[in-house]
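The structure appears below as structure tokens.
The values are calculated or read from the model by the stated rules, or taken from the named source; none is laboratory data. All figures in this text were calculated on a predicted structure; none of them were measured in a lab. Ideal geometry is used to build each Cβ from the backbone, glycine not excepted, and the neighbour counts take in all protein chains shown.
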């Protein structure tokens, strides 16, 4: 009895040590996040103002705002999603609703996973070789959006697939039993139920796309444009590239440093907002579905 | 669903249709592309020119000298900025394409050798710098400093600055493999400022308190010359390289405004402001 | 009629969906085609400028020099022909800029008319000479010997120790330091991220209550959302000096700095995937363990971890995959010196950083440009292998379940 107690006490101590270690490390990770955020806020908050996000840069990028870069990033995000979202959702529908288990499905899945693992700099090389050079789009919104779209495609496919999988099979059986065709079932029954989760995936991939530098480096990004783009064959400025270039080039380092921190902060805020929106949305719809 | 999709697609069509009318604009649109070293200068010149003459718009795009020259060859830019001369393979391509290229010298970029502000050494001969970068001298005490390992920083191997420094200062010898290369001059300044044994080279323009500039001797230690715009201008300071705007001869009418402006008194004043060395 | 139309519509939509399904496969295929067609081109080229010659005296025994020998000769590290298998004769470097030191303006003629004659004359008169000059200056009755330079070989490309892609007269294209640098940094990253990530995954899935979990999980996922440029920036200003002081190093830009930054970036991947795997442990198994008197901690490491081992492995491998491909952050913190790494406390140069930094300056279509695409191919192959590994690991899991 005594011995048993000892063992169980030892167990308890072991458990307490292990658990507090895990707890500590988890909070440590969160602390890293806060250190990074705090660092950027501390350095960058000084330059944030309405002018910073609404004006053109002036004095050789050392004052004024980053308005064109923000607009450029928004255009690129929009353009890439215009491609990745419909294609990704349709691909996921095909995978989950249409094709039967077998080598085709396995193959497509494998390829999608492979694409997800391709490094972003390789996407940049590919985009430059295919869109910019081969198809002669030149450095343009079109080339950059397509490159980013391909990069985001696996993310959209994966999240949509998860969303479709989460739809209970009884819905499908009921609809098919009532004589609806497969597409009717998919479009009228499955998609509406899965919709909130699909949107969450979309928002998450927006966060991913807006921060990528390597794929746009050689496909679209420009250092300084006096005006906003007027067509899809124009180049744009973009936040991540802007941050990269003003933190590494420019002759007035102290001044452009400040601008760089401000740009980083704006970039983080965009990512933060889209992540928060995604989790909010998930929660909101999650509740609604349960209530029904 | 379908309606939503359509709403999403509309702006894209709008964008497409705009693309076609791009050429019709009456405004003179000039594109400058290339060397990251010339970027800040070209951007400043463009900004000031546009302020004067609102009928001109100038876009400035980075990417590197190679990218700029390729773009010039393909006709996707009007002016290529270059921090080096054409390479033979590039010159060949232009002659194959039957394109005549005009090179305009716009400014000089003087390179200063910098060290950590706490470093006792304040001057080096060219030979010493060569030996440091080729790995023969590894400790500051060999050149009269403290007993401290030398950490040499350089620009990326592909940059014009890297090649110029190699040809001019290292007697065309290759850098030692353990020389650190940084993606940009700003990064070199940052690193040299926070590393005690560091040595680096940057454009004269990058004057900050966080690093110390060295005087350099090109006559085996007889005279040491501190880098300054004045010294670079009268050519007593030896390490300075030319910066170019290159354009196709048939295009000279179109690019005249920005070229003339850059070479004008006002434009050359900007050169000085940005931190490069004016021509006169 | 109407049913016919409907049937057609069904078929049409199915076709459209199938088409979308093939886009990813098609993209992978296209990436392979474009990357490899550019990248493999490098093995069809010589590492010397096309219209330049490397020449020596006609009586010199040497008929071939390796790229690294050429480099060392021109760097004046090899000073005698016997070091490369020739006679005991001092090597004399000849560059075209020096010509006016040896010949008068009269001899050279107006507009350098007699330049090719002078070059020939110089080479004939100096037995130890090695000269590098443009083909257009080679005279008709040239008396020197033109050295042959081999095309770049796959084996040399992969095993070469030196990366000087712009070196003249002969470029050094050895990617071994870059490959090793990439693997080294990624390995370091995973050594840092795996224990941290596992701890957090265990905490989130087994220890924390759902309220805390709902707060922490999005925060950790936010780490994945921070752009890599920001990480690079943060790394350069904070982590690099920290490492320098902590280990008392001469230089802070090291593989370790890269590993720390990449480790942080890989955390969300590892945590999300291993947490998912852990939460998939059947409740019955856990309860059985607890009912037998095991503590919660014992249950975790005797039941939950073994059960989710394949998921954890997959997370770790994917984490490595992310780290290997990361570009911008690494570019700013690892120092980018192309040396073969021996410790984590030295600077390294990775493949993605090399591509991003050099592609802009490399002349389009040249040897250097193609070599960078070849690097892209290597990167692609590495990540492909990693993905197949993940596939293999997770497949074994699904098989063993049945």
Quiz item: more than 22 Å from residue A:141 (Cβ to Cβ), surrounded by 22 or more Cβ atoms within 10 Å (Cβ to Cβ) and either away from chain B (no Cβ under 14 Å) or touching a strand residue (DSSP E or B) at 6+ places or on another chain (Cβ under 9 Å) (or both), is that true of residue A:207?
Solution: no
Exercise. With a cut-off of at least 2 residues that are surrounded by 15 or more Cβ atoms within 10 Å (Cβ to Cβ), within 10 Å of chain C (Cβ to nearest Cβ) and touching a residue at least 60 places away in the same chain (Cβ under 8 Å), name the helices (runs of 4 or more DSSP H) lying wholly within the range A:1-116.
Key: A:2-44, A:67-93
Quiz item: Which of the helices (runs of 4 or more DSSP H) contained wholly in the range B:1-85 include at least 3 residues that are at the interface with chain A (Cβ under 10 Å from one of its Cβ atoms) and modelled with pLDDT of 85 or more?
Solution: B:39-52
Quiz item: Residues C:232, C:188: which one is part of a helix (DSSP H, G or I), crowded, with 21+ Cβ neighbours inside 10 Å, more than 12 Å from every other protein chain (Cβ to nearest Cβ) and under 21 Å from the mean Cα position of the chain (by Cα)?
Solution: C:188
Self-check item: Residues (assigned to a loop (DSSP other than H, G, I, E, B) and either buried (at least 16 other Cβ atoms within 10 Å of the Cβ) or more than 14 Å from chain C (Cβ to nearest Cβ) (or both)) located in the range A:167-180
Solution: A:167, A:168, A:178, A:180
Quiz item: If you check residue A:250 against the conditions, is it at positive phi and either at pLDDT below 70 or more than 25 Å from the chain's Cα centre (by Cα) (or both)?
Solution: yes
Practice problem: Would you be able to tell me the number of residues in the range B:247-259 that are over 15 Å from residue B:60 (Cβ atoms) and assigned to a strand (DSSP E or B)? | Solution: 1
Exercise. Just need a number here: residues in the range B:229-280 that are more than 14 Å from every other protein chain (Cβ to nearest Cβ) and on the phi > 0 side of the Ramachandran plot.
Key: 1
Practice problem: Go through C:210, C:159, C:155 for me and flag whichever is away from chain A (no Cβ under 14 Å), surrounded by fewer than 19 Cβ atoms within 10 Å (Cβ to Cβ) and free of Cβ contacts under 8 Å to residues at least 12 places away in the same chain. | Solution: C:155
Exercise. For residues that are without any contact (Cβ under 8 Å) to a residue 12 or more places away in the chain and part of a loop (DSSP other than H, G, I, E, B), scanning just the range C:67-83, find the one that is farthest from the other protein chains (Cβ to nearest Cβ).
Key: C:77
Quiz item: Where residues in the range C:340-353 are closer than 23 Å to residue B:184 by Cβ and out of contact with any helix residue (DSSP H, G or I) (no Cβ under 6 Å at 6 or more places or on another chain), which of them is surrounded by the most Cβ atoms within 10 Å (Cβ to Cβ)?
Solution: C:347
Self-check item: Only listed residue being within 7 Å of another protein chain (Cβ to nearest Cβ), closer than 28 Å to residue C:252 by Cα and free of Cβ contacts under 8 Å to residues at least 12 places away in the same chain, chosen from C:360, C:376
Solution: C:360
Quiz item: What residue, among those in the range C:84-104 that are within 11 Å of another protein chain (Cβ to nearest Cβ) and in contact with a strand residue (DSSP E or B) (Cβ under 8 Å, 6 or more places away or on another chain), is surrounded by the most Cβ atoms within 10 Å (Cβ to Cβ)?
Solution: C:93
Quiz item: Right, residue B:107: modelled with pLDDT of 90 or more, within 14 Å of chain C (Cβ to nearest Cβ) and touching a strand residue (DSSP E or B) at 6+ places or on another chain (Cβ under 9 Å) or not?
Solution: no
Quiz item: Which one is farthest from the other protein chains (Cβ to nearest Cβ) among residues in the range C:317-339 that are touching a strand residue (DSSP E or B) at 6+ places or on another chain (Cβ under 9 Å) and assigned to a loop (DSSP other than H, G, I, E, B)?
Solution: C:334
